[in-house]
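Written out below as structure tokens is the structure these notes cover.
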Amino acid sequence: MITEAELPAATSRLDPDAMIAVALEAGMVPLAEHEIPVARKLAGDLMQHEVVSVETLLAVRAIQPAAMLVFKDEDQITGVFGQLLLRPSAIRSIFAGEFDALNVDVDYLSHPGEVVGLGYVWGLAASTKRAGAALMLQGQLVRGRLFPDLTIFTRAVTPAGRHIALNRYRYQPFRYPDDELLLRLPEGVVASREREAVAA
């Protein structure tokens, strides 16, 4: 369990153009408005969970164009990558258990040029191996190049998703051992804690 006071300070600022450039390098593109129904159906079917409404997607996309990215196999959407970049004001809401990722309060969203307080993986879904590889590369690139000091949250909605988050991406349960809300600290913080644990 990490407390709000222990959260490492983030310094990276939101640069939508840089985010889109990273996405293109990973083989992904921002979700177009006419593609929203297809992307929502794919995510809902694969995650077997309620997904955000069209209205919420449009409201978020108006502020953060790279909030929902898609991967296409021969013009067919086979992967979706949802990411929210939140203002520092959202930290208290998340720690209080009040942040609603389905009905996002857009006042919590970072705007271009603002410091990003937290990241939130909104949803990942892939129906092909190529799409899955693109999602993995996107996560590596955006974190490594743009937000190396950012703490990231996500909610595990399937057992498979939880397993991947814990074992491949080094998330940890946020509040209690079987918590579906997971947290991933910056790599530097994780490495420092591991060194301290070994020394102890």
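The values are calculated or read from the model by the stated rules, or taken from the named source; none is laboratory data. These numbers were taken from a predicted model, which means no experiment stands behind them. A quick note on method: Cβ atoms are made from the backbone with ideal geometry, for glycine too, and the neighbour counts reach across all protein chains shown.
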Among the residues of segment 33-43, is there at least one that is in contact with a Phe, Trp or Tyr (Cβ under 7 Å, 6 or more places away or on another chain) and surrounded by 15 or more Cβ atoms within 10 Å (Cβ to Cβ)?
no
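So how many residues does segment 137-146 have that are over 14 Å from residue 66 (Cα atoms) and touching a Leu at 6+ places or on another chain (Cβ under 9 Å)? First the steps, then the outcome.
Kept after step one, since they are over 14 Å from residue 66 (Cα atoms), are these residues of segment 137-146: 137, 140, 144-145.
Then drop every residue that is not touching a Leu at 6+ places or on another chain (Cβ under 9 Å), which leaves none.
Qualifying residue count for the region: 0.
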Mind listing just one residue for me: the one in segment 1-20 that is part of a helix (DSSP H, G or I) and within 17 Å of the chain's Cα centre (by Cα) and, of those, surrounded by the fewest Cβ atoms within 10 Å (Cβ to Cβ)?
18
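I'd like the full set of residues that are part of a helix (DSSP H, G or I) and in contact (Cβ under 8 Å) with a residue 24 or more places away in the chain, limited to segment 46-59. I'd like the intermediate steps shown before the answer.
Filtering segment 46-59 for residues part of a helix (DSSP H, G or I) gives 46-47, 54-59.
Matches in segment 46-59: 46, 47, 56, 57, 58, 59.
When you check residue 157 against the structure, is it aliphatic (A, V, I, L, M) and either surrounded by fewer than 20 Cβ atoms within 10 Å (Cβ to Cβ) or modelled with pLDDT under 90 (or both), yes or no?
On the way: aliphatic (A, V, I, L, M): yes; either surrounded by fewer than 20 Cβ atoms within 10 Å (Cβ to Cβ) or modelled with pLDDT under 90 (or both): yes.
Yes, satisfied.
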Restricting to segment 21-35, and then to whatever is touching a strand residue (DSSP E or B) at 6+ places or on another chain (Cβ under 8 Å) and assigned to a helix (DSSP H, G or I), can you tell me which residue is nearest to residue 81 (Cα to Cα)?
23
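Mind telling me which of the residues 150, 141, 135 ends up being outside any helix (DSSP H, G or I) and either hydrophobic (A, V, I, L, M, F, W, C) or more than 15 Å from the chain's Cα centre (by Cα) (or both)?
Numbers: 141 fails: outside any helix (DSSP H, G or I); 135 fails: outside any helix (DSSP H, G or I).
Every option except 150 fails the conditions.
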So in segment 74-114, with the set limited to residues that are touching a Gly at 6+ places or on another chain (Cβ under 8 Å) and part of a strand (DSSP E or B), which one is surrounded by the fewest Cβ atoms within 10 Å (Cβ to Cβ)?
82
